[in-house]
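Data block below; observations after.
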């Protein structure tokens, strides 16, 4: 547990100071272009995997990175609600881009 406390101290002393302008810019709103759907597994670290900065990813984590099939919002409301309105979606290991003409997401190879 001590290493976690030390990590917070180091973040405050080093990373926060280095990224202070970024944190100031994103303090009042967020506008990420990419939704990352990943497993809740503690070994999956979305920002580390993608080299993203704070504010660049909107992250949904659940068991087995499940994306429920579309249906009326009686179940799975949280995940389905978060999926709407993105330009890019990363589902652990796969990347999708929204095609406006076809009005659907396409897998990027």
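Side notes on the structure shown:
- Of all the criteria given as (1) part of a loop (DSSP other than H, G, I, E, B); (2) modelled with pLDDT under 85, the one not satisfied by residue 79 is (1).
- Listed by first and then second residue, the pairs with beta-carbon distance under 6 Å, at least 6 apart or on different chains, first residue in the range 48-65 and on the phi > 0 side of the Ramachandran plot and outside the structural domain of residue 24 (by TED's automatic domain parsing), second in a helix (DSSP H, G or I) and surrounded by 14 or more Cβ atoms within 10 Å (Cβ to Cβ), are 55/26.
The values are calculated or read from the model by the stated rules, or taken from the named source; none is laboratory data. The structure presented is a predicted model; accordingly, all values stated were derived computationally and were not measured. Neighbour counts run over all protein chains shown; Cβ positions are idealised from the backbone, glycine included.
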